[in-house]
1. Please sort 419-431, 304-316 by packing, taking for each peptide the average over its residues of neighbouring beta carbons within 10 angstrom, highest first.
2. For residue 44 and residue 87, compute 0.36 nm times the residue count separating them, minus their Cα-Cα distance, and round to one decimal in nm.
3. List, largest first, the extents of the alpha carbons of region 266-363 along their principal axes, each in whole Å.
4. Applying the Karplus parametrisation 6.51 cos²θ - 1.76 cosθ + 1.60 with θ = phi - 60° to the phi angles of region 258-267, what ³J(HN,Hα) value in whole Hz is obtained for each residue in order, glycine and proline being reported as x?
5. Report the FRET efficiency, 1/(1 + (r/R0)^6), for residue 270 and residue 398, where r is their Cβ-Cβ distance and R0 is 56 Å, rounded to 0.05.
6. Taking only Cα atoms of the chain, what ratio of Rg to Rh do you get with Rh as the Kirkwood inverse-distance radius?
7. For region 106-112, in order, what is each residue's ³J(HN,Hα) by Karplus, 6.51 cos²θ - 1.76 cosθ + 1.60 with θ = phi - 60°, in whole Hz (x at glycine and Pro)?
8. Write down the radius of gyration of region 74-213 and its Dmax, each obtained from C-alpha positions, in Å.
Amino acid sequence: MRRRTALIALALLCACGRFSMPDSEYLYFEIVSPPEERVWYPEETMTIVFNGEIAPDTVPGAVVISYEGDPAHGSTVTAVDDTLRIAGLLPDATITVTIASGLKSTDNKPLVQKSEDGYATATQAFTRTIGPALPAVAKIIPGDHLRSRNIGIVFTTGIATDSAAVSPQPDGMTVQGNMLLLSFDTPPAQVTLSGIAATTRPGAAPDMTLSLTDTPPVSEDAEIATTPQDTTATVAIAATGLVAALLDGDLALCEKECRFLLEGLAPDASYDLDLTLYFTDRVETTTLAVATLPPVPHIMISEVMHTPAGTPEKSWEFVELYNHGELDFDLSLCTIDDNGDGAGEDPLTPLVENDLILQPGDFALILGGGSQLHLSIDTHPHIYFVDDTTIADNGLTSTESVSIHCLTGEDKLQVAHYDGLFRKADRGYSVVIDTTGRVCASAEPDGSPGTAESCPE
């Protein structure tokens, strides 16, 4: 009897060992594949993959899409099974995707993040760069309402046509920047463009088809007006039916008028320039004579510190002038105006009495009243103060323009201007405008007051 009881107990013990439940590890809800660390492009869909299915109703409150400098955007985020998909990326921007622990799985697990201390709920953020968009047609000249032998196309970005195909094949094709000029022997009814690539990114735009109606071409003789200065000249060409003009290798597409700015000319000199005019019904080639005026003084706004790191800000703001001409420049009858509204123009009061002449190569700093900035630099520029209705009133903002006006005879002329459009100078860095016209943020904090600085190409 005892032996049978022992056998039953042994059998029960073996049975328990054989059928015991395995230990189960809790599966946390976490990100297993963040967005790739690379440049993304607007036509792509950014993805973030999780280790479980996402509860779609938790996405709106937990996932935030933001762009640096552009809070309004059309990007969307959706949950498909275990993946967040972000579409409609803004071109040429920096995106940040912020995901809070309120994002949950379909079995109600909150999002967690693993660290050296284990798993814990945490807000997670991913910042990525969005590159430029593929080229798209922004404008057609003369428009899709008129048949034309010459068709000008403006794209949304610079284009490359090395691998492009055009049907029907044009007699001539000229590319410059974001402009494309097609010339045909006979006005086409339809044009198909393939393989139009961007100059700033990989990939080519989808095929584009342009349809033009049967309205016959209409054109007239062109009127050409030249306005010369000492080192520049403006050429305006106007005519009904004018599509484009090519002046000394420079292309302009026209809507009734083409304008060219010729720069870097020698003073008091004559030039004969090749000019080709492209009409809806013909092409004309001629020579344009341009004569510049004798030399005059030149200054430019070469640097603007609108958001300094020092406080109060108005004591550290400055506008830098540079004489980039070959003649002395007299500032005695000049004023500075911010925002271009004429609401407040300040005369320039020199630190050193009667110091009003900028010689070629000289720099000048315009400061708010009471500023001591000039005491901390050793470049020894000319120093001028204003009475705080412009530079130091409530502080220059990053969007304000700055102009220098000078009285010449009975006319007040704008002799230097910064348009306020550059948005990439962080706090403590100035906006630099070099002699080539390029604009950039200063290379060093606090800018480079009284010193020449060039922007990278």
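Just so it is clear, none of the values below were taken in a lab; they were calculated from the coordinates. Please read these numbers as outputs of a predicted model, since none were measured by experiment. Note that each Cβ is placed from the backbone with ideal geometry, even for glycine, and that neighbours are counted across all protein chains shown.
1. 304-316, 419-431
2. This chain segment gains 14.8 nm when fully extended.
3. Principal-axis extents of the Cα atoms in region 266-363, largest first: 63, 32, 25 Å.
4. Listing the rounded values in order: 10, 10, 10, 10, 8, 10, x, 7, 7, x Hz.
5. FRET efficiency, residue 270 to residue 398: 0.80.
6. That ratio is 1.18, to two decimals.
7. With the stated coefficients, region 106-112 comes to 5, 9, 6, 8, x, 5, 10 Hz.
8. In order Rg, Dmax, the Cα atoms of region 74-213 give 23.1, 75 Å.
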